[in-house]
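All remarks here apply to the structure that follows.
The values are calculated or read from the model by the stated rules, or taken from the named source; none is laboratory data. As the structure is a computational prediction, the values presented were derived from the model and not from experiment. Every residue, glycine as well, gets a Cβ built from its backbone with ideal geometry; the counts of neighbours run over all protein chains shown.
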């Protein structure tokens, strides 16, 4: 699936799923801007992309801040050119019981996931409309489909909102040659999962209960993303693909 001549922006590309997506798109021929609050991590991803022979750019921005996103996308255009592909992967996750949850914690979860996707899509769309071609992939979660579990009300809400955003946006921008899809991963072995405090015993239990008898790895999600942003996926829009090993069917 060739992405030669395409420029991709991947938010949250410094680690985990975002990092794997960056490398996969580069292998498929795209030049990649890595947008993350973790600039050192973004630079490491850029170095890995450049070793693959593609152009890359690290851009520091908090996706929840409109002005920061606007500046970041201006930097991408100046450094790599017009944007054809946007992958909204930036996200946060933390377990917190709903009863004791503060408004600030709730607002931050919604701001990063939902407002972040809004800001980035709004910044990328003019280039895609001008080209008559674009691919947008929003990272949701299986929690947005099944509600997650205790301590994840804020996270499941944000990820569910991403699905609604994806479906509605697909209807609006489809006539411009732009597709919009969501990926809803199951449990994936990433730094964010461990940082959120998921016990190793629970991860093993979920692996044992899964039909494929393992948890996912970031490359599983990168493979799905590679298809959705490819020319071959031109008839796929408004859809939710959930690589979850059969844990949610």
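Number of residues in region 228-238 that are under 17 Å from residue 166 (Cα atoms) and in contact (Cβ under 8 Å) with a residue 60 or more places away in the chain: the value is 5. Of all the residues in region 79-96, those that are closer than 13 Å to residue 127 by Cα and outside any loop (DSSP other than H, G, I, E, B) number 3. Considering (1) in a helix (DSSP H, G or I); (2) within 27 Å of residue 98 (Cβ to Cβ), the lone condition that residue 186 does not fulfil carries the number (1).
Only one entry in 240, 215 is surrounded by 14 or more Cβ atoms within 10 Å (Cβ to Cβ), modelled with pLDDT of 95 or more and either farther than 20 Å from residue 6 by Cβ or within 16 Å of the chain's Cα centre (by Cα) (or both), namely 240. Filtered by the rule that a residue be over 13 Å from residue 91 (Cβ atoms) and not in a helix (DSSP H, G or I), region 149-181 gives 149, 150, 151, 177, 178, 179, 180, 181. Scanning region 19-39 for residues that are in a helix (DSSP H, G or I) and either in contact with a strand residue (DSSP E or B) (Cβ under 7 Å, 6 or more places away or on another chain) or under 19 Å from residue 91 (Cβ atoms) (or both) returns 19, 20, 21, 22, 23, 24, 25, 26, 39. Just so you know, in region 189-208 the residues that are part of a loop (DSSP other than H, G, I, E, B) and under 20 Å from the mean Cα position of the chain (by Cα) include one that is farthest from residue 136 (Cα to Cα), and it is 196. Picking from residues in region 170-183 that are crowded, with 16+ Cβ neighbours inside 10 Å and touching a residue at least 60 places away in the same chain (Cβ under 8 Å), the one that is nearest to residue 232 (Cα to Cα) is 181.
Just checking, how many residues over region 97-120 are in contact with a helix residue (DSSP H, G or I) (Cβ under 7 Å, 6 or more places away or on another chain) and in a helix (DSSP H, G or I)? Final tally of qualifying residues: 10. Checked against (1) modelled with pLDDT of 95 or more; (2) more than 12 Å from the chain's Cα centre (by Cα), residue 93 passes all but a single condition, namely (1). Among the residues of region 53-64, those that are surrounded by 15 or more Cβ atoms within 10 Å (Cβ to Cβ), over 17 Å from the mean Cα position of the chain (by Cα) and either in contact (Cβ under 8 Å) with a residue 40 or more places away in the chain or not in a strand (DSSP E or B) (or both) comprise 54, 55.
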